[in-house]
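> First the structure, which I've put down as structure tokens, then a few questions once you've had a look.
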Amino acid sequence: MNNQFSYWEKTSFFDFDIIIVGSGIVGLNASIHLKTSSPKLKIAIIESGFLPSGASTKNAGFACFGSISELIEQESICGTDALAELIEKRWKGLQKLRGILGDDIIDYKQLCGFELFKPDDKILSTDCVVKIEHYNKLIQPIIGSEAFKVNNGKIKAFGFNGVESIIENRYEAQVDTGKMMFALIQYAQQLGISIFNSCEVEEISTDENRPFVKTRQGDFRTNKVIVTTNAFVNKLIPGLDVIPGRGQVLVTKPIKNLKIAGTFHYDKGYYYFRNINDRILLGGGRNIDFKTEETTELGLTAKVQDALHNLLKDVILPNSDFEIDYQWSGIMAFGKNLSPIITETTSNVFCAVRCNGMGVAMGSQTGADVADLVLKS
Ligand SMILES: Cc1cc2nc3c(=O)[nH]c(=O)nc-3n(C[C@H](O)[C@H](O)[C@H](O)COP(=O)(O)OP(=O)(O)OC[C@H]3O[C@@H](n4cnc5c(N)ncnc54)[C@H](O)[C@@H]3O)c2cc1C
């Protein structure tokens, strides 16, 4: 296959200063940061999918920095100082994304976030309410204001069934994921970054300190590679602490007089839903079948889809008829450590992966951080 390329093709299309593997939110942001910092760099992104095919075009579009129950769990893993750093990364990442693309382009809407508690969640909800003051103090220096408060009046306003209390986060927002990714791709292309789709990287090798990137379409030469393949990273760089987690999602058909607006966390964040215009997007349920969902394969299962359907019927839309219009899945990357892995793994081969299911918030900063590491190297 290689030999069929012309001299012109081989010298102009297969040789770059920097190659980024993966065109998710992290890869695109890395390329944008590199090109805006150093406009002469010749940069390519190589993507296995016809569209980006990991998490970035499949997510729920929550622009969030953590619900109280998530923050409690995360603080128990990493401690208070590291949690404050994480919240700052999420918050700054969101401001960066908004700064690059603009709120109108990505439909950024600060409709507030709401964590819902069932009557069975009494102990958890009491713990969360007690911690409101603590987390408000923690985020005050980052955001400049308090975010969380109890707002049970919303239960009736939203028309939920089987919800006993609600904690509101007034700084949580939503974006249109499709518009965000479309705009990021367009911006990268406007800057002169080449994007090759339907081109899977099979291997990265180094020859005389210069990496080459092997694909079925041919071998690319480059000075530096950045791998941003997230949950799929172990195929190219084995041994990293990255565990895949599939997220299944559904979207209803438009619902007349939909009362629900905002982003919602239910059952310790294992379920999440939001309005997207006059529809409901609902995802989650990995916790009922962790082992099956620990996969890099896209797919839907009856077990999770039934759980999502029942939640819609019993809790979210108890008084409305609804039909499901879309169902899909996407793959996230998790690990024991809650921070992304941003490092040089071997000479001139870098990676930026594992946004732990919060890449809408962290992806822009993570991309910029790995780009800075490459520029300094
Ligand atoms: C269902 C779901 C809901 C989510 N909801 C939210 C949310 O509401 N808010 C939030 O902040 N985060 C959310 N996330 C997480 C967020 O989407 C991710 O953290 C983020 O998109 C990760 O971006 P990334 O660029 O690191 O990886 P990805 O978007 O996964 O990009 C990796 C890319 O690499 C490509 N690739 C893989 N292997 C190769 C290869 N060998 N060669 C070439 N290309 C390759 C893939 O096709 C993919 O496009 C959600 C994720 C899912 C799945």
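The values are calculated or read from the model by the stated rules, or taken from the named source; none is laboratory data. In this text the structure is predicted, and so the values were computed from the model without any measurement. Ideal geometry is used to build each Cβ from the backbone, glycine not excepted, and the neighbour counts take in all protein chains shown. Protein only, heavy atoms only, side chains kept; ligands, DNA and RNA dropped before computing areas. Shrake-Rupley method; radii C 1.70, N 1.55, O 1.52, S 1.80 Å.
> Build a GNM of the chain with springs between Cα atoms under 10 Å: which of ILE167, ILE45, ILE324 gets the top mean-square fluctuation?
ILE324
> I would also like to ask the following. Keeping all protein chains in place and using 1.4 angstrom, which order do ILE243, ILE25 fall into by accessible surface area, from largest down?
Accessible-area ranking of ILE243, ILE25, largest first: ILE243, ILE25.
> Sort GLU75, GLU88, GLU146 by accessible area with a 1.4 Å probe, largest first.
Working: GLU75 30, GLU88 70, GLU146 100 Å².
Putting GLU75, GLU88, GLU146 in descending order of accessible area: GLU146, GLU88, GLU75.
> With Cβ to Cβ distances under 14 Å as the rule, what net charge do the other residues near GLY192 carry (K, R +1; D, E -1)?
+2
> Which residue fluctuates the most in the chain, going by a Gaussian network model with Cα springs under 10 Å, if the choices are SER205, SER194, SER31?
Judging by the Gaussian network model, the answer is SER205.
> Net charge near GLU73: determine it from the other residues with C-beta under 12 Å of the C-beta of GLU73, scoring Lys and Arg +1 and Asp and Glu -1.
With Lys, Arg at +1 and Asp, Glu at -1, the net is -1.
> Once both axes come from the Cα atoms, what is the angle between helix 68-78 and the longest principal axis of the chain, in degrees from 0 to 90, rounded to 10?
The two axes meet at around 50 degrees.
> Between ASP15 and GLU323, what length comes free when the chain is fully extended (0.36 nm per residue of separation minus the Cα-Cα distance, one decimal in nm)?
Fully extending the segment from ASP15 to GLU323 adds 105.9 nm.
> Got a sec? Which residues in the stretch 341-377 would a label at SER38 touch, if it sits 7 Å along Cα→Cβ and we count backbone N under 17 Å?
Within reach of a label on SER38: 343-352, 367-377.
> In a Gaussian network model over the chain where Cα atoms closer than 10 Å are linked, find which of GLN365, GLN327, GLN174 has the largest mean-square fluctuation.
GLN327
> Taking amide H positions as placed 1.01 Å from N in the peptide plane, with prolines and chain starts having none, which residues 5 or more places from ILE280, or on another chain, fall under 5 Å of its amide H?
Residues meeting the criterion, in which the H sits 1.01 Å from N, are THR252.
> With a 1.4 Å probe and all protein chains kept in place, how do LYS96, LYS256 rank by accessible area, largest first?
LYS256, LYS96
> If you don't mind, another one. Would you mind giving the three semi-axes, in whole Å and largest first, of the ellipsoid equivalent to the stretch 1-154 according to its Cα gyration tensor?
Computed over the stretch 1-154, the values are 43, 17, 15 Å.
> Taking 0.36 nm per residue of separation and subtracting the Cα-Cα distance, what length does fully extending PHE182 through HIS134 add?
Values: separation 48, 0.36 × 48 = 17.28 nm, distance 3.82 nm.
Gain in length upon complete extension: 13.5 nm.
> In addition: Filter LYS118/LYS268; LYS268/LYS313; LYS35/LYS109; LYS122/LYS149 down to the pairs with a C-alpha to C-alpha distance above 21 Å, please.
LYS35/LYS109
> With θ set to phi - 60°, apply the Karplus curve 6.51 cos²θ - 1.76 cosθ + 1.60 along the stretch 59-67 and write out the HN-Hα couplings as whole Hz, x wherever there is a Gly or Pro.
Result, rounded to whole Hz: 7, 9, x, 7, 9, 10, 10, x, 7.
> Which far-off residues, 5 or more places away or on another chain, put their amide H under 5 Å from the one on SER165, with H placed in the peptide plane?
So SER165 has HN proximity to PHE117.
> If you don't mind, there's one more thing I want to ask. What residues qualify as long-range amide H neighbours of PHE334, i.e. H under 5 Å apart, gap of 5 or more or another chain, H built at 1.01 Å from N?
Amide H to amide H, under 5 Å and 5 or more residues apart or across chains, PHE334 pairs with ILE243, GLY245.
> Taking K and R as +1 and D and E as -1, what net charge do the other residues with C-beta under 12 Å from the C-beta of ILE166 add up to?
Result for the neighbourhood of ILE166: 0.
> Using the Cα centre of the stretch 40-175 as the reference point, and only Cβ charges (+1 on K/R, -1 on D/E), how large is the resulting charge dipole? Debye, rounded to the nearest 20. Can you show the working numbers first?
Details: 17 positive and 19 negative charges, 104 e Å.
Dipole about the Cα centre, nearest 20: 500 debye.
> Determine, at each q value in 0.06, 0.14 (inverse angstroms), the log₁₀ of I(q)/I(0) that the Debye formula gives when each Cα of the chain is one equal point scatterer.
Once normalised to I(0) and log-transformed, intensities are -0.24, -1.18.
> Just for the stretch 159-272, what percent of DSSP beta bridges are antiparallel, to the closest 5?
For the stretch 159-272, the DSSP antiparallel bridge percentage is about 100.
> Enter the angle in degrees (range 0 to 90, nearest 10) between the Cα long axis of helix 122-143 and the first principal axis of the Cα atoms of the chain, meaning the one along which they spread out most.
It works out to around 50 degrees.
> Roughly what angle does helix 177-190 make with the longest principal axis of the chain, taking Cα atoms, 0 to 90 degrees, to the nearest 10?
The helix 177-190 is inclined about 20 degrees to the chain.
> Between the stretch 121-160 and the stretch 264-322, what is the C-alpha centre distance in whole Å?
23 Å
> A further question on this structure: What is the mean projected area of the alpha carbon convex hull for the stretch 1-60, to one decimal in square nanometres?
5.2 nm²
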